[in-house]
Structures are given as structure tokens and as C-alpha cells.
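Student: Sharing a structure below in C-alpha cells format, with a few things to ask.
The values are calculated or read from the model by the stated rules, or taken from the named source; none is laboratory data. Quick caveat, the model's predicted, so the values are computed rather than measured. As a convention, Cβ positions derive from the backbone with ideal geometry for all residues, glycine included, and neighbour counts pool all protein chains shown. Heads up: the accessible areas ignore ligands, DNA and RNA and are worked out on the full protein's heavy atoms, side chains in. Shrake-Rupley method; radii C 1.70, N 1.55, O 1.52, S 1.80 Å.
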Amino acid sequence: MEQIQAIRGTRDILPDEVVYWQFLEKTAFDILSRACYQEIRTPVFEQTSLFERGIGEATDVVGKEMYTFMDRGDRTLTLRPEGTAGAVRAYIQNKLSAGGIQRLWYTGPMFRYERPQAGRQRQFHQIGLELLGVKAARADVEVIAIATDILKALGLQNLSLQLNSVGSGEDRQKYRDALVAYLIPYKDDLDQDSQDRLERNPLRILDSKDKKTQTIAENAPSILDYLGTESKAHFDQVCQLLTDLNIPYDLNPRLVRGLDYYTDTAFEIQSADLGAQATVCGGGRYDGLVSQLGGGEAPAIGWAMGMERLILLLKELQPLSLSSPDIYFVSRGQKAENKALVMAQNLRQMGYKVELDLTGSNFGKQFKRGDRTGAKICLVLGDSEVENNTIQLKYLETGKQETLSMDEINQRLQNL
Ligand code: ATP
Ligand code: MG
């Protein structure tokens with residue numbers, strides 16, 4: 001029979017890799033909770049129109065990457081390609097704005113139909129945050145600082161913060177005209193995607209991955225020269241506050257982000273150790289999104305990190321392994337095996353981490369397996385121990401073994 005395989009672009013995360021995920025999650029959750037961000041969990045699928053309106057039809061994500069399907073009730077649904085649209089829908093629908101400023105974070109799988117490669121999958125995971133209801137530059141810098149704190153706590157190095165402002169919608173319109181005017185004479189030299197974008201979404205040409213297009217884009221006008229007074233002041237303040245916090249950054253006027261609802265601050269954190277898929281965190285301000293999705297006016301800023309890319313980096317950094325049991329429980333013979341099951345359960349309830357050997361194989365083989373788990377001690381029950389109401393305790397490092405009464409064993413374990 002043909003074996004069923006996981007779907008292209010998806011991966012199993014096996015137990016020896018899960019330790020890295022748990023380290024990543026715990027580190028991030030600690031830092032988010034110290035900054036008083038609260039977790040929100042939204043559905044994995046939503047109405048397609050949420051993403052069309054919230055991400056923008058001219059984007060790659062909506063244009064060609066969404067997993068969209070009809071359900072049995074003929075509704076058009078989409079597996080979420082990112083977390084912001086769902087979080088903002090929940091913010092509006094649950095009237096969270098009534099509670100003032102909202103600091104939210106989320107994590108979970110996202111789905112995009114892309115060409116799978118290292119650091120790029122069709123089901124991937126993000127951890128992200130959204131700060132809703134604040135316009136001040138301090139908000140921008142708070143969220144950037146949390147991202148850099150997380151990456152620092154993970155021990156990652158060779159990272160750079162790329163910073164830009166895409167200004168207001170009005171600024172962007174002026175800039176867009178200037179950019180198109182600059183690019184038109186080069187039209188035939190641009191890659192095909194970029195030629196198509198010239199009308200629909202010319203700003204995206206700036207982050208084309210095509211070498212020739214990149215060379216042309218290098219001399220394009222800078223959006224930073226097109227910022228209006230307000231956006232300019234906001235951006236200057238962001239830069240100043242980052243400097244105050246000793247967070248280094250590079251100005252990158254070609255950083256425009258793939259999503260349309262961004263205003264003012266845009267940023268990415270890139271790793272020098274990841275090759276082509278270098279961006280581990282992308283974010284920015286999206287003051288227009290809440291009203292675009294039918295909520296009131298609410299300025300907001302957020303970011304999302306690609307967890308697979310962080311895991312690739314973490315694995316290079318330090319080997320993490322599954323934690324060993326405190327006790328490996330060996331038993332043989334029907335009575336002994338049954339008694340061991342009960343004792344193992346009691347020990348777990350007392351707080352010990354106990355692995356019970358269930359193989360029924362001979363003592364020698366069970367001890368060998370116990371050794372491999374890295375447990376410090378083995379508890380051993382055989383028929384004679386059951387008869388005498390005793391148990392053997394074996395120290396796996398030294399091989400030393402002693403016979404204890406059932407009363408002695410608890411005392412002995414506590415001393416370990
Ligand atoms: P890219 O330019 O790499 O496609 P993007 O601009 O589409 O990224 P965002 O929508 O900003 O990405 O998502 C935030 C982060 O999520 C990215 O910086 C990246 O780390 C991660 N990410 C995005 N798409 C994928 C994917 N298909 N597989 C794995 N991680 C991804
Ligand atoms: Mg993408």
C-alpha cells in the first residue's frame with residue numbers, strides 16, 4: 001500500500017526538536033509577560049474577506065499565497081496566512097478598545113502557498129504581538145525593544161535591525177509617483193514580477209529578490225525624503241528613543257514590507273546566518289487597519305517572528321536535549337510489574353519524573369535502557385522483593401545497589 005506522506009511544505013516537529021521550540025516559547029512568553037502583554041487565541045480560519053480587506057488584494061499573500069476553500073455551507077474561508085488580521089478582527093468584535101490600550105500577543109501556525117525551501121514552509125509558525133490604541137513613538141520603540149530582548153535572551157547574534165518609515169498614505173502616494181517616474185525608463189530591465197507591480201504595487205519592487213532589479217532600486221528616490229512633517233517628527237523620535245535604549249539600527253529606505261496596511265514605522269530584524277530567508281522578525285505600524293476593518297480609528301503597531309527560522313538559528317547555537325527522568329523503574333514478574341505501575345504513579349503524584357519500563361524484558365536489558373535515559377537512579381522490583389516487601393535502589397552512575405524496606409525508600413528518595 002502506498003504510504004501517506006505529510007503535505008509538501010509541512011513538517012513534523014519530533015520530540016528531539018520540540019525541546020528547542022519549548023525553549024523558544026518559554027523565553028518569549030516570559031519576556032512578553034514581563035512587558036504586560038496578554039495572550040490572545042483566535043481561530044485558524046476566517047472569512048476570506050477578512051484577509052482580502054486586512055492584508056490587501058495587491059499583496060503576494062492575498063494574490064497568490066492563500067489557502068482558500070469553500071466549506072460545506074458554501075462559505076469562502078481561508079487558513080490564516082498571518083496573525084494580525086485575526087487579532088484586529090477580535091479586537092473590534094469583542095470591543096477590546098473599551099478597555100483602553102491593548103497589549104496582545106499570539107502564537108500558532110500560519111499557512112501560505114509558497115515554494116518550500118529552508119526557512120520557508122506552507123505551514124509555518126509565528127509568534128507575534130500587537131499594541132493597539134497608541135500613536136506615540138514610545139509604542140513603536142516598546143515593541144521593537146521587546147523583539148530585541150527576546151532575540152537576545154535566546155542568545156542569538158549577528159542580527160541587524162533594519163528601520164524605515166513609509167509615512168502616511170498621502171506621503172506614500174507622492175513617493176509612489178516619484179518612484180514610478182524613476183522606474184519607467186528601466187521597465188524592460190526589471191524582472192517580470194516587478195514589471196507587473198509597476199502599476200499595482202510599485203513599492204514592492206524595492207524588495208524584489210532579483211539582482212538586476214535590486215541594482216536599479218539602489219538609486220531609486222528614498223521614501224524618507226517624502227515624509228510629511230508629522231511622519232518625519234514621529235520617525236525622528238523613534239530613532240532617538242532607540243538610541244536612548246542602546247538599540248542599534250540601520251536605516252533602510254528600501255524596506256517597505258509586503259503588507260499594505262502599514263503606515264510610518266516599518267522594521268525587520270535580519271540574521272546574517274540564514275542565507276536567503278534572512279528575516280526573523282517583521283513589523284510596523286498599521287494605523288489604518290482597524291478602521292479599514294470596520295472598527296473606530298485606532299493606531300496600532302505590531303510584529304511577527306518566524307519561529308522556524310529562529311529554530312534553525314537556535315540549533316546551531318547550543319545542543320538542547322530532552323530532560324532525563326529522575327527515576328527509571330525496572331520490574332519483572334507479574335506481581336512486581338503490577339506493583340511497579342502503582343508505585344510509579346504514586347511517585348509521579350509526589351512530583352518525581354518517573355519512566356516505567358514496560359517491555360517485560362530481562363533485568364539486564366532494562367538496566368541498559370535505564371542507563372541510556374540518563375536517569376540517576378533505578379528502582380527495581382522482582383518477585384523476591386514483592387515477597388519480602390522490599391525494593392532495590394540502584395545508582396546508575398556507580399552501579400551501587402541497596403535493598404530497602406518500603407518505609408525507607410521515601411526517606412531515601414527525599415535525600416537524593
Ligand atoms: P518573506 O519576505 O521572507 O517572505 P514576509 O514579508 O512574507 O517574509 P511577514 O508576513 O512579515 O513575512 O511574516 C513575518 C515573519 O514570518 C517573516 O519575517 C518570517 O520570519 C516568517 N515567515 C513568513 N513567511 C514564512 C514561510 N512561508 N515560512 C516560514 N516563515 C515565514
Ligand atoms: Mg513572504
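Student: Among the numbered criteria (1) away from ligand 1 (no atom under 14 Å from the Cβ); (2) crowded, with 17+ Cβ neighbours inside 10 Å; (3) at pLDDT 95 or above, which one does Val18 miss?
Tutor: It fails just one condition, (2).
Student: Another one. Would you confirm, using the coordinates I've provided, whether Gly294 is more than 16 Å from ligand 2 (Cβ to nearest atom) and assigned by TED's automatic domain parsing to the domain that holds Leu313? I'd like the intermediate steps shown before the answer.
Tutor: Numbers: more than 16 Å from ligand 2 (Cβ to nearest atom): yes; assigned by TED's automatic domain parsing to the domain that holds Leu313: yes.
Here the answer is yes, as Gly294 does meet what is asked.
Residues are listed down the side, and each one gets a yes or a no for (1) assigned by TED's automatic domain parsing to the domain that holds Ile409; (2) charged (D, E, K, R); (3) touching a residue at least 40 places away in the same chain (Cβ under 8 Å):
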position: Asn338; (1), (2), (3): yes, no, no
position: Leu341; (1), (2), (3): yes, no, no
position: Asn346; (1), (2), (3): yes, no, no
position: Phe367; (1), (2), (3): yes, no, no
position: Asp371; (1), (2), (3): yes, yes, no
position: Ile377; (1), (2), (3): yes, no, yes
position: Ser384; (1), (2), (3): yes, no, no
position: Asn388; (1), (2), (3): yes, no, no
position: Leu393; (1), (2), (3): yes, no, no
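Student: Ala278 versus (1) at pLDDT 95 or above; (2) within 15 Å of ligand 2 (Cβ to nearest atom); (3) not basic (Lys, Arg): which is the lone unmet condition?
Tutor: (1)
Student: Quick one: how many residues across segment 363-406 are of a type in the set (S, T, N, Q) and open to solvent by 70 Å² or more (accessible area, probe 1.4 Å)?
Tutor: If we filter segment 363-406 for residues that are of a type in the set (S, T, N, Q), which is where we start, we get 366, 373, 384, 388-390, 392, 398, 401, 403, 405.
Checking the rest, the ones that are also open to solvent by 70 Å² or more (accessible area, probe 1.4 Å) come to 388-389, 398, 401, 403.
Selection size over segment 363-406: 5.
This table checks each residue for (1) touching a residue at least 40 places away in the same chain (Cβ under 8 Å); (2) open to solvent by 20 Å² or more (accessible area, probe 1.4 Å).
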| site | (1), (2) |
| --- | --- |
| Glu218 | no, yes |
| Gln237 | yes, yes |
| Tyr261 | yes, no |
| Ala272 | yes, yes |
| Ser291 | no, yes |
| Ala298 | yes, no |
| Ile301 | yes, no |
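Student: Same structure, new question: List the number of the failed condition for Ile409; all other conditions in (1) under 14 Å from Met343 (Cα atoms); (2) open to solvent by 40 Å² or more (accessible area, probe 1.4 Å); (3) among the hydrophobic types (A, V, I, L, M, F, W, C) hold.
Tutor: Evaluating Ile409 over (1) under 14 Å from Met343 (Cα atoms); (2) open to solvent by 40 Å² or more (accessible area, probe 1.4 Å); (3) among the hydrophobic types (A, V, I, L, M, F, W, C) leaves (2) as the failure.
Student: Based on this model, can you work out whether Asp30 counts as within 22 Å of the chain's Cα centre (by Cα), more than 16 Å from ligand 2 (Cβ to nearest atom) and in a loop (DSSP other than H, G, I, E, B)?
Tutor: Values: within 22 Å of the chain's Cα centre (by Cα): yes; more than 16 Å from ligand 2 (Cβ to nearest atom): yes; in a loop (DSSP other than H, G, I, E, B): no.
For Asp30, the condition - within 22 Å of the chain's Cα centre (by Cα), more than 16 Å from ligand 2 (Cβ to nearest atom) and in a loop (DSSP other than H, G, I, E, B) - is not met.
Student: One residue is enough: does segment 73-90 have a residue meeting the conditions in a helix (DSSP H, G or I), farther than 15 Å from Gly128 by Cβ and in the same structural domain as Lys152 (by TED's automatic domain parsing)?
Tutor: Pass one, segment 73-90, residues in a helix (DSSP H, G or I): 84-90.
Imposing the further condition that a residue be farther than 15 Å from Gly128 by Cβ reduces the set to none.
Checking segment 73-90: not a single residue is in a helix (DSSP H, G or I), farther than 15 Å from Gly128 by Cβ and in the same structural domain as Lys152 (by TED's automatic domain parsing).
Student: Taking the criterion of being near ligand 1 (Cβ under 9 Å from one of its atoms) and modelled with pLDDT under 95, would at least one residue in segment 119-135 satisfy it?
Tutor: Of the residues in segment 119-135, the ones near ligand 1 (Cβ under 9 Å from one of its atoms) are 119-126, 128.
Filter again for modelled with pLDDT under 95, leaving 119.
Yes, there is a match, as at least one residue in segment 119-135 is near ligand 1 (Cβ under 9 Å from one of its atoms) and modelled with pLDDT under 95.
Student: So which residues in segment 62-86 are of a type in the set (A, V, I, L, M) and either over 19 Å from Ile301 (Cβ atoms) or loosely packed, with under 14 Cβ neighbours inside 10 Å (or both)?
Tutor: Just the residues of segment 62-86 that are of a type in the set (A, V, I, L, M), to begin with: 62, 66, 70, 77, 79, 85.
Correct list: Val62, Met66, Met70, Leu77, Leu79.
Student: Please go through segment 50-59 and give me each residue that is within 12 Å of ligand 1 (Cβ to nearest atom) and open to solvent by 30 Å² or more (accessible area, probe 1.4 Å), ordered by number.
Tutor: If the condition is that a residue be within 12 Å of ligand 1 (Cβ to nearest atom) and open to solvent by 30 Å² or more (accessible area, probe 1.4 Å), then no residue fits.
Student: Looking only at segment 330-362, how many residues end up being open to solvent by less than 50 Å² (accessible area, probe 1.4 Å) and of a type in the set (D, E, K, R)?
Tutor: Narrowing segment 330-362 to residues open to solvent by less than 50 Å² (accessible area, probe 1.4 Å): 330-331, 333, 336, 340, 343-344, 347, 354, 356-357, 360-361.
Filter once more, so that each one left must be of a type in the set (D, E, K, R): 357.
Total satisfying the criteria: 1.
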